[in-house]
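Notes for the one structure printed next.
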Amino acid sequence: MDKHGSLGDDGKGLGKLTMKDPYSKTKLPSKHVRGYIDLLRPFTLLAPFIVSMSIIVASLVYNNVAVPSDWWVTVGNASLTLALVNAASNILNQATDWKGDSISKPYRPIPRGVIKPDEAQSLAYILYLFALLRAVTVNVWFGFFVFLIMIFTVTYSLPPRMKQYLFLNQVWIAIPRGFLGILAGWSVFGDPLQREPLLIGTIAMLFFIGGMSTKDIVDSEADKATGIRTLINTFGVKKAALISFPFMFFPFVFIPALITIGFLESYLWPLTLLAFLSCFIFYLMVKGDTESKTLENIHAWSIMYVEYIFFALGFAFLTIFAGMLNLPTLL
């Protein structure tokens, strides 16, 4: 077994099951098609799909919108569109950062020579265009937010290439994936300028500003070699964890205060409990979390995405069933 957890080129079994398995194990689909699938990074697409679906349905219920007969088509279309934008950004990032990937993630399809960088970049542009065309069919607001998300993700990888700037690189990811993603989902059936999506989006954005430092631990040496400054390769893992922790922790802790002043609905207080999961992520970072044998990064990175999904699902569940739950108040 190599350092990335694969069985080697002579391994037998069900074929290439994870991205880290060698392409020689590919059975179906073809090696080249499997390379395209790996470029998408399917695990990371779960978050935007599930989160956007949750926010869209919560918006539908919260705003007491007359439910159209094909509401599920709209929800699916919008959720898939946001996932496609995320997929396009994943591919563009790999196409423009393949030299760094050759150091820290040599199992990816471009470093392995399965897909060429310019081929991947062309695919990213096609997906961006397809996602934008889908977005404008939902409504104007949704199309606008998808366009803004695209601007942030493109300028993260291409000039001015915000990925290379210390701390700004984390903010540049957090704004589209947290704030703009929430507003886009809410805009499908509601007003994105309402207080609820603005605050929920801000909480998600702040969480991502801290949480995204988890992805840079594995890439520390590669980032340094390619001129990219991150909290991890500038301050070290433990100091970076201390800097990141308040962004992951306090947005959830402040939810009761936002409820007290009337900015959030009282039934949302259980979301505060997610602060404990943020503490666990911090603990793993300080402890010296190791890279997963199957997923692309450390375990704390995976848990960070899971926490974001729980946040959206929890918000949607509490919003949809608020009248039935009769939750006790903490205030």
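The values are calculated or read from the model by the stated rules, or taken from the named source; none is laboratory data. On a predicted model such as this, the values are computed, not experimentally measured, just so you know. Backbone-built Cβ (ideal geometry, glycine too); neighbour counts: all protein chains shown. Surface areas here come from the heavy atoms of the whole protein model, side chains and all, with no ligands, DNA or RNA. Shrake-Rupley method; radii C 1.70, N 1.55, O 1.52, S 1.80 Å.
A few points about this structure:
- The residues listed here are Ala257, Ala241; of these, the one that is small (Gly, Ala, Ser), open to solvent by less than 10 Å² (accessible area, probe 1.4 Å) and modelled with pLDDT of 95 or more is Ala241.
- Helices (runs of 4 or more DSSP H) lying entirely in region 61-166 (those with 3 or more residues that are more than 21 Å from Glu221 (Cα to Cα) and open to solvent by less than 60 Å² (accessible area, probe 1.4 Å)): 71-96, 117-135, 140-157
- Enumeration of residues in region 174-198 that are closer than 22 Å to Phe130 by Cβ and open to solvent by less than 40 Å² (accessible area, probe 1.4 Å): Pro176, Leu180, Gly181, Leu183, Ala184, Gly185, Ser187, Val188
- Among residues of region 18-45 that are free of Cβ contacts under 8 Å to residues at least 12 places away in the same chain, none has a beta-carbon under 6 Å from a residue that is among the β-branched types (Val, Ile, Thr) and part of a loop (DSSP other than H, G, I, E, B) at least six positions away or on a different chain.
- Answer residue from region 264-285, given it is at pLDDT below 95 and open to solvent by 50 Å² or more (accessible area, probe 1.4 Å) and is nearest to Pro197 (Cα to Cα) among those: Glu265
- Of the helices (runs of 4 or more DSSP H) lying entirely inside region 215-311, those carrying at least 3 residues that are farther than 22 Å from Gln164 by Cα are 237-253, 255-260, 274-287.
- Matching residues in region 156-183 - criterion: being out of contact with any helix residue (DSSP H, G or I) (no Cβ under 6 Å at 6 or more places or on another chain) and hydroxyl-bearing (Ser, Thr, Tyr): Tyr165
- Residue in region 290-298 that is β-branched (Val, Ile, Thr) and open to solvent by 30 Å² or more (accessible area, probe 1.4 Å) present: yes
- Any hit, region 264-272, residues being under 30 Å from Tyr62 (Cα atoms) and under 22 Å from the mean Cα position of the chain (by Cα): yes
- Subset of region 206-221 [open to solvent by 10 Å² or more (accessible area, probe 1.4 Å) and either touching a strand residue (DSSP E or B) at 6+ places or on another chain (Cβ under 8 Å) or over 30 Å from Ile103 (Cβ atoms) (or both)]: Leu206, Ile217, Val218
- Residue pairs whose Cβ atoms lie under 6 Å apart, sitting 6 or more positions apart in sequence or on different chains, and linking a residue in region 267-292 that is within 12 Å of Val237 (Cβ to Cβ) to a partner that is surrounded by fewer than 18 Cβ atoms within 10 Å (Cβ to Cβ) and modelled with pLDDT of 95 or more, are Val286/Lys238.
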